[in-house]
1. How many Å³ per residue does the convex hull of the Cα positions in segment 329-400 occupy?
2. So if each residue of separation counts as 0.36 nm, and I subtract the Cα-Cα distance between VAL124 and ALA268, what length gain in nm does that give?
3. What number, rounded to the nearest 500 deg cm²/dmol, is the helix-based mean residue ellipticity at 222 nm of the chain, given -39500 (n - 2.57) per DSSP H run of at least four residues and division by all its residues?
4. Return the sequence-ordered ³J(HN,Hα) values of segment 339-349 in whole Hz as given by the Karplus equation 6.51 cos²θ - 1.76 cosθ + 1.60 applied to θ = phi - 60°, using x for Gly and Pro.
5. In nm², what is the average projected area of the convex hull enclosing the Cα atoms of segment 272-343?
6. Can you list which of the trypsin sites (Lys or Arg not before Pro) found in segment 296-402 are DSSP loop residues with at most 14 other C-beta atoms within 10 Å?
7. Connecting C-alpha atoms closer than 10 Å in a GNM of the chain, tell me which of PRO234, PRO11, PRO51 has the biggest fluctuation.
8. Show log10 I(q)/I(0) for segment 153-213 at q = 0.20, 0.23 Å⁻¹, two decimals, from a solvent-free Debye sum over equal Cα scatterers.
Amino acid sequence: MALTIGLVGKPNVGKSTFFSAATAAKAEVANYPFTTIDPNKGVTYVRTPCPHVALGVTCTPGNAPCDDGTRLVPIELIDVAGLVPDAHKGKGLGVKFLDDLRQASALIHVVDLAGATDAEGNPVDAGTHDPEEDIAFLEREIDHWLAGILGDKWERTAKAILASGGKTGRAIAERLSGLGVKESHVSAALTEAGVDREKPQLWSEEDLVKVATGIRRRSKPILIAGNKADQADPETVGRIERACEARRLLFVPCSAESELALRNGAKAGVLDYTPGDKSFDITSDKLSDKQKQALEYVRSHVLGPYGGTGVTGAVKAAAYDLLDLITAFPVEDEHKYTDKQGRVLPDAFMVPRGTTAKEFAFKVHTELGERFIRAVDAKTRRVVGADHEVQDGDVIRIVADA
């Protein structure tokens, strides 16, 4: 799986329900902290138009199913153990939680907008806990976790940096490479932190935390999924949305329970509902009055006010807005849009916006990148060079040296 998104938050806020609703995979759900201990892994999808419609062909999908002209591009979702204050010091499940996030490209932080769980994840009366506190503490825990990794034997690292001629950004990126940290992330973080790159041996613990914060913002960007939005005071929802905007965080209100109920109803054949839809239709007369009332509640308190349950929307926003990814389709034959096996538009690849044709070739297969000669935009039949930027929805043929 090329892209992994981590599902994070304190215990008992609905993370596992969100995971089940997003992936259709079972996860243990209970009303007490630390229900999730070992991470749950599943596959969810983001929707993007399939080029076969505009090209007038019939696709034969490989890695990404096609649903009536919409490609479902897979993303791995990992639901990790709940985080509590001072987890970076080992409290709760502590460092285990953080280590499970190493390969995540982005994080969806599930927050209880109803304020019905305290800082430790214990149930409390709705409205008695401020969700804004949870946003701040999770960022702080991840920052201190990264700072701890970076600061371990920092004196030795600082000496190595000085010996290498002051290549601070490269040295830190190498130190954190197992976390998906790139040199560009580090360089921007160093500038933001205002530390002296030439004298890393003089950095304080506070300096390391500042650098870690900048690295986290770039290597593990966070989206806030405001869960239980239907149970929250509208003023609270608005306040949290403004707080996220001030912290430069994307915010999506959601109801994981509603999405799970709708998906289960569709699976049972009593509802006509596709994940991400703004409405649903009841297709069976076998529902009880209680079930009908529950569905009408979802319609009036979730779909109406928010235009959806927010679960699919949060995953989509994490991929396309937070990470700024696009989707492109590699082919072997630009005339028939096929691969070597004759499959039409078989695979969809998500890559960062700004990816060049040569970088896209490496994404498809390392050998294609190494032997890259040129590429062809299959939609226009135009030959493009290595530095050509691939656009969202492009169909690309890679021409490589035999």
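Each reported figure results from applying straightforward, stated rules to the coordinates on display, with no laboratory input. The shown structure was predicted, so the numbers you read here are calculated from the model rather than taken from an experiment. We place every Cβ from the backbone using ideal geometry, glycine too, and count neighbours over all the protein chains shown.
1. Numbers: hull volume 5.3 nm³, N = 72.
Spelled out: Cα convex hull of segment 329-400, divided by residues, is 74 Å³.
2. Difference between extended and current length: 48.5 nm.
3. Numbers: 14 runs with 139 residues, N = 402.
About -10000 deg cm²/dmol.
4. Running phi through 6.51 cos²θ - 1.76 cosθ + 1.60 with θ = phi - 60° gives 9, 4, 8, x, 7, 8, 6, x, 10, 10, 10 Hz.
5. 8.3
6. Passing sites in segment 296-402 are LYS336, LYS340, ARG353, ARG371, ARG381.
7. Between PRO234, PRO11, PRO51, it is PRO234 that shows the largest mean-square fluctuation.
8. These q points yield log10 I(q)/I(0) values of -0.69, -0.94.
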